[in-house]
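Shown next, in structure tokens, is the structure this report addresses.
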Amino acid sequence: MADGAQQSGNEIEIKAVSKVFGLGAAAFHALTEIDLTIRTGEFFTLLGPSGCGKTTLLRVIAGFEHPSSGQLRIKGQDVVGQAPNRRLVNTVFQNYALFPHMTVAQNIGFGLKMLGRPRSEIDATTSEMLHLVKMEAMAMRKPAELSGGQQQRVALARALAPRPRVLLLDEPLSALDLKLRKEMQTELKRLQVETGITFVFVTHDQEEALTMSDRLAVMNKGRILQLGSPHDIYHAPKERFVADFIGETNFLSLTVSAVAGGCAELVLPGGRTVSARIAEGVLPAKGETVSAVIRPEQAQLVEAGTGDLSATVDGSVFFGTDTHIHLTLEDSQSFTVRRQNTVGQADPARGARVGLALMPGALQVLRG
Amino acid sequence: MKRDSHRWKWILVSPALVVLILAASGPLLIVAVYSVLSPGNMGGVAWDFSTEAWFRVFFKRDIFDPETVTLNADHLAVFQRTLWLSFQTTLICAALGFPTAWFIATRPVNRRMVWLFLITVPFWTNLLIRTFAIQELIRNTGTVNTVLVWLGLIREPVDLMYTDFAVLLGMSYVFLPLMVLPLYAAMDKLDFRLVEAGYDLYASRLQVLWHVILPLVKPGFIAGSILVFIPSIGAYVTPRVLGGGRSMMMGNLIGLQFGQGRNWPLGSALAMVLLVIVVVALIFYLRITTRETGGRDGRH
Ligand SMILES: Nc1ncnc2c1ncn2[C@@H]1O[C@H](COP(=O)(O)OP(=O)(O)OP(=O)(O)O)[C@@H](O)[C@H]1O
Ligand SMILES: [Mg+2]
């Protein structure tokens, strides 16, 4: 839109931000030493389980909470202590927080009205926004007369109307049913690309985070555990929590036989050795037992006696597009393989002995 | 089936309805009947139909020439003062009640009860005693004047007693909790995330107050205003003690007819006038305050 051109650079810089609620023994560390840089024009996602501090971090950025310590800059300008109404940041609240006494159109025009824009501009932008979120027909309704999805779209339009630099979205899709949710995901992504506004999106749905974000941060207990592209986070999780939280994972406990050139040689049950990547900041030693991960789709069932491992089939679960086959390895660790389904393919029988081939380079040694 | 349950509903509420109708309309009926009778010699009424009382509510006959009729300026002045003082009391209570209720509503949940409790403490003391306490503050040798003279701000005590100001002060003090409580109830229901949404959308504090908070607590203001205005109109003790004969309100005028005046029909007619004023004021008030919200969304 107006300044839709993607500028490069950093939109939000967060340095060592902590937030403590309460005092003394009752003190609760909601955020601990958060370091985060959000780039201009990107779709950035904060992902983490309930209570990990996602909303608190958004509230710090929006200005509703003051950080207990640390620095916060928006477009290079220190904003700690600046009131929320002076920050060019708008929020789509977790519960929408639409003004119940105003119509849809009045809700959308509110920000511009408070900015003292002329009536004609407010009207023009309001109808543009109504069109953008396909709510023209409901402009005169009150929020109480809208469905959840419609309210969500109004909340989005209201936050977009003043054309903020940054849009903060706090689990905006969590109240919607699956179909509407998928629709809104596409719509949000389209809006973000069209407007060029920096989106900071909060969710605890890993699939949503992976499909929508340019980059994402995985949080737990007030800390950022890992930050990177969806690809990085999925394929190169640094620690167990991240690997476990994003997608399905096989954890294997294996012994290191050699370390060379950023790779570790691991001994598999059955005696074969295989080369594994090492997560950043991990220093495995020869002879040490480490935790390694591999995704279910990165292994393949093969003829018994061939492949890297041999295993016994425990059962299989049909998921439509694919089937999850649960296995037990020789040393009784469990392992799941995901197999793409084709017509007429038979599932392996329970108790059958099979071989397992690992994709080269798929295995990774984790931190801790 | 539907109609059946409907009938049951009426049967079940009928005892309450009977009590309500008798209790509410019974006394009213008596007053209405009394207003068209003649005064008895020793108070009370004589059972002769007469419109004299109603006539005397608004007009005065010349003592020497009963045919010369003038408007009863004394009564009209009392009506006017009553309305004006009640209106001002409501405004003052609203102006003081809003920040008070806001203060309470923004305390931590477990403290709010304590504050609400403190708000009701004055109700524990007899109204007359509280009114005398105010008198003690503002009379010529009272606390306020003594302190002001002692500070040298004034040379002579200021006459505060028996003025409209004194009555206003007393009524505002007495009726303030009636404004605070419904306002608090409305604020308690207020979703504070809406306030945040207002700030988020560039509204200043004042704009949030005006565009978000006030519209949302309006039902509290309406309830509070009614609760303050109606008893103000009918106030008796406060204007009696603090206003004396100089700043009389309708309640005192009516009381006078049943006491020294020994003119029960006139008192009854005045009471009916009071009732009409309250009803008209209420209708007028509800008209203007609920106009733009409309009946359907009155919930908000
Ligand atoms: N005002 C507050 N006072 C005390 N503790 C708070 C306050 N606000 C949040 N917390 C605590 O901080 C932690 C993080 O809360 P936050 O709302 O940021 O979680 P979240 O990641 O958004 O969770 P969810 O996914 O459930 O919305 C929680 O344990 C919460 O109890
Ligand atoms: Mg949250």
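Would you be able to say whether some residue in the range B:140-152 is buried (at least 20 other Cβ atoms within 10 Å of the Cβ) and out of contact with any helix residue (DSSP H, G or I) (no Cβ under 7 Å at 6 or more places or on another chain)? Can you show your working first?
Initially, the range B:140-152 is screened for residues buried (at least 20 other Cβ atoms within 10 Å of the Cβ), giving B:145.
Cutting the leftovers down to out of contact with any helix residue (DSSP H, G or I) (no Cβ under 7 Å at 6 or more places or on another chain) gives us B:145.
Yes, the range B:140-152 has at least one match.
Quick one: is A:L227 in the same structural domain as A:L173 (by TED's automatic domain parsing), among the hydrophobic types (A, V, I, L, M, F, W, C) and touching a helix residue (DSSP H, G or I) at 6+ places or on another chain (Cβ under 6 Å)?
Numbers: in the same structural domain as A:L173 (by TED's automatic domain parsing): yes; among the hydrophobic types (A, V, I, L, M, F, W, C): yes; touching a helix residue (DSSP H, G or I) at 6+ places or on another chain (Cβ under 6 Å): no.
In short, no.
Of all residues in the range A:149-186, which are of a type in the set (A, V, I, L, M), open to solvent by less than 10 Å² (accessible area, probe 1.4 Å) and free of Cβ contacts under 8 Å to residues at least 60 places away in the same chain? Let's see the steps before the verdict.
Of the range A:149-186, the ones of a type in the set (A, V, I, L, M) are A:154-157, A:159-161, A:166-169, A:173, A:175-176, A:178, A:180, A:184.
Now restrict to residues that are open to solvent by less than 10 Å² (accessible area, probe 1.4 Å): A:154-157, A:159-161, A:166-169, A:173, A:184.
Scanning the range A:149-186 gives A:V154, A:A157, A:A161, A:L173, A:M184.
Looking at the range B:74-100 only, could you name the residues that are within 18 Å of B:M179 (Cα to Cα) and either among the charged types (D, E, K, R) or more than 19 Å from the chain's Cα centre (by Cα) (or both)?
Listed by number, the residues that qualify are B:P99, B:T100.
Please go through the range B:153-191 and give me each residue that is within 14 Å of chain A (Cβ to nearest Cβ) and open to solvent by less than 20 Å² (accessible area, probe 1.4 Å), ordered by number. Walk me through how you get there before you give the answer.
The initial filter retains those residues of the range B:153-191 that are within 14 Å of chain A (Cβ to nearest Cβ), namely B:186, B:189-191.
Answer for the range B:153-191, where residues must be within 14 Å of chain A (Cβ to nearest Cβ) and open to solvent by less than 20 Å² (accessible area, probe 1.4 Å): B:A186, B:L190.
For the range A:57-84, how many residues meet the condition of being within 13 Å of ligand 2 (Cβ to nearest atom), open to solvent by less than 40 Å² (accessible area, probe 1.4 Å) and free of Cβ contacts under 8 Å to residues at least 60 places away in the same chain?
Summing the residues that are within 13 Å of ligand 2 (Cβ to nearest atom), open to solvent by less than 40 Å² (accessible area, probe 1.4 Å) and free of Cβ contacts under 8 Å to residues at least 60 places away in the same chain in the range A:57-84 gives 3.
Would you confirm whether or not the range A:128-146 contains a residue that is within 14 Å of ligand 1 (Cβ to nearest atom), open to solvent by 20 Å² or more (accessible area, probe 1.4 Å) and in contact (Cβ under 8 Å) with a residue 40 or more places away in the chain? Give the derivation first.
Residues of the range A:128-146 within 14 Å of ligand 1 (Cβ to nearest atom): none.
No - not one qualifying residue is present in the range A:128-146.
Looking at the range A:192-208 only, could you name the residues that are assigned to a helix (DSSP H, G or I) and in contact with a helix residue (DSSP H, G or I) (Cβ under 7 Å, 6 or more places away or on another chain)?
Going residue by residue through the range A:192-208, those that are assigned to a helix (DSSP H, G or I) are A:192-195, A:206-208.
Correct list: A:T195, A:Q206, A:E208.
Among the residues of the range A:36-56 satisfying the criterion of being in contact with a Lys or Arg (Cβ under 6 Å, 6 or more places away or on another chain) and part of a strand (DSSP E or B), which is farthest from ligand 2 (Cβ to nearest atom)?
Checking each candidate, the answer is A:F44.
Residues that are away from chain A (no Cβ under 14 Å): find the helices (runs of 4 or more DSSP H) completely inside the range B:192-300 holding 1 or more of those. Explain how you work it out, then say what you get.
Working: elements: B:192-200, B:205-208, B:214-233, B:250-258, B:264-289.
Ranges flagged: B:214-233, B:250-258, B:264-289.
Out of the residues in the range A:57-75 that are part of a helix (DSSP H, G or I) and more than 10 Å from every other protein chain (Cβ to nearest Cβ), which is farthest from A:K15 (Cα to Cα)?
Residue satisfying both the conditions and the ranking: A:L58.
When you look at A:A16, is it surrounded by fewer than 16 Cβ atoms within 10 Å (Cβ to Cβ), more than 14 Å from ligand 2 (Cβ to nearest atom) and within 14 Å of another protein chain (Cβ to nearest Cβ), yes or no? Step through it out loud before you land on a result.
Numbers: surrounded by fewer than 16 Cβ atoms within 10 Å (Cβ to Cβ): yes; more than 14 Å from ligand 2 (Cβ to nearest atom): yes; within 14 Å of another protein chain (Cβ to nearest Cβ): no.
The answer is no for A:A16.
Please return the ranges of helices (runs of 4 or more DSSP H) entirely within the range A:76-191 where 1 or more residues are of a type in the set (A, V, I, L, M) and within 11 Å of another protein chain (Cβ to nearest Cβ). Talk me through it step by step, then tell me what you get.
Values: elements: A:104-114, A:119-132, A:148-160.
Correct list: A:104-114, A:148-160.
The values are calculated or read from the model by the stated rules, or taken from the named source; none is laboratory data. Treat the numbers as computed from the prediction; the structure is a model and nothing was measured. Cβ coordinates were reconstructed from backbone atoms using ideal geometry, including for glycine residues, and neighbour counts include every protein chain displayed. The area values use the complete protein model at the heavy-atom level, side chains included, leaving out ligands, DNA and RNA. Shrake-Rupley method; radii C 1.70, N 1.55, O 1.52, S 1.80 Å.
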